[in-house]
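The values are calculated or read from the model by the stated rules, or taken from the named source; none is laboratory data. What you see is a predicted model; the values in this text were computed from it and never measured. Cβ atoms come from the backbone with ideal geometry, glycine included; neighbour counts cover every protein chain shown. Side chains are part of the model used for accessible areas, which takes the heavy atoms of the whole protein and leaves out ligands, DNA and RNA. Shrake-Rupley method; radii C 1.70, N 1.55, O 1.52, S 1.80 Å.
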Amino acid sequence: MSVHKKSEVKKITTHQLQEMKNRGEKIAMLTAYDYSMAKIIDSAGIDVILVGDSASNVMAGNETTLPITLDQMIYHASSVVKAVKRALVVVDIPFGHYQGSSGEALRSAIRIMKESGGHAVKLEGGSEVKDSVLRILSAGVPVMGHLGLTPQSIYKFGTYTVRARQEAEANKLLEDALLLQESGCFAIVLEKIPAELAKKVTDALQIPVIGIGAGPDVDGQVLVMQDMLGITNEFKPRFLRKYADLHAVITNAVGHYVDDIKARDFPNADEKY
Ligand code: KIV
């Protein structure tokens, strides 16, 4: 059982997250892509569930987040929403469904909200996506921003290394964060940037800042669930803390199952009708 204080609220809203930042309570966020896992992490007390486009990697086995479609994101999100009683469910708008025009961004956000029942959307980028953010917000859909390492732009960056180490990129990131706040985003994710810069951004913003590989001085943390549970055992970035070794647990369990079948031990006399 966790000994840490969790928000007692019945349902987490964007307003609750703001209040959490205001009173200094850290926000706990994880990804999920399916009903069974979302049900477990929701009842374990997670504040925000992100139906991330990392589903493209961990669920579909793609090398990048680019191939996942809007229909596939809606499928994952609607499975998660059905399981969730307390957490705020944020859904990534996938690559190619908001960059073209703000009208397209709005149509994508509306499809996600109507067809999945998600509570908010997330998109990557700063000034380049300002019009899309404003248009989505004008329809009453809460938007979470995402700066730093933005995996949808991997072919522009060329690598998944730490972003914004240089002054010019760090300054642009801070400007973008302020712009997203002014535009009306309820929170932003900062991915893989120096901890000092993440602290500067967090101190400068009134809205919550959620970090992944952005150090401790942010308002909350997010990890990909399969990574922190040790299912994806090849992925070992410095920022990742593994809370379980499910790769070993599952390998062991399946090994026993195979052995029992081969040995004609399963099913036994009590396990039949
Ligand atoms: O898609 C995702 O999982 C994400 C997190 C890494 C923040 O965007």
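Starting from a Cα-only point model with no solvent, please compute log10 I(q)/I(0) by Debye for the range 127-244 at q = 0.10, 0.13, 0.14, 0.22 1/Å.
-0.31, -0.53, -0.61, -1.27
Run through all the Cα pairs of the chain and give the fraction in each 5 Å bin from 0, expressed as whole percent.
1, 6, 12, 16, 19, 17, 12, 6, 3, 2, 2, 2, 1, 0, 0
Ignoring ligands and nucleic acids, what accessible area does TYR160 show with a 1.4 Å probe (Å², nearest 10)?
Solvent-accessible area, nearest 10 Å²: 100 Å².
Expressed in nm to one decimal, what extension gain is obtained for the pair ILE154 and ASP217 from 0.36 nm per residue of sequence separation less their Cα-Cα distance?
20.1 nm
THR13 accessible area, nearest 10 Å², 1.4 Å probe?
50
Along the range 112-123, what does the Karplus equation 6.51 cos²θ - 1.76 cosθ + 1.60 (θ = phi - 60°) give for ³J(HN,Hα), rounded to whole Hz, x for Gly and Pro?
For the range 112-123, the Karplus curve yields 4, 5, 5, 8, 10, x, x, 9, 6, 10, 10, 9 Hz.
Return, ordered by residue number, the residues of the range 10-34 whose backbone nitrogen is under 18 Å from a label point located 7 Å along Cα→Cβ of ARG241.
25-31
How would you order 71-77, 207-213 from highest to lowest mean count of nearby Cβ atoms within 10 Å?
The densest-packed peptide leads the list: 207-213, 71-77.
Counting other Cβ atoms within 10 Å of each Cβ, which trypsin sites (Lys or Arg not before Pro) in the range 167-273 have at most 12 and sit in a DSSP loop?
ARG238, ARG241, ARG264, LYS272
Can you work out the Karplus-derived ³J(HN,Hα) for every residue in the range 226-237? Use 6.51 cos²θ - 1.76 cosθ + 1.60 with θ = phi - 60°, whole Hz, and x for glycine or proline.
For the range 226-237, the Karplus curve yields 4, 6, 6, 8, x, 7, 8, 7, 8, 8, 9, x Hz.
Which of the pairs LYS199/LYS242; LYS82/LYS262; LYS85/LYS122 have their Cα atoms more than 28 Å apart in this structure?
Among LYS199/LYS242; LYS82/LYS262; LYS85/LYS122, the Cα-Cα distance tops 28 Å for LYS82/LYS262.
Divide by every residue of the chain the summed helix terms, -39500 (n - 2.57) for each DSSP H run of at least 4, and state the resulting mean residue ellipticity at 222 nm, rounded to the nearest 500 deg cm²/dmol.
-12500 deg cm²/dmol
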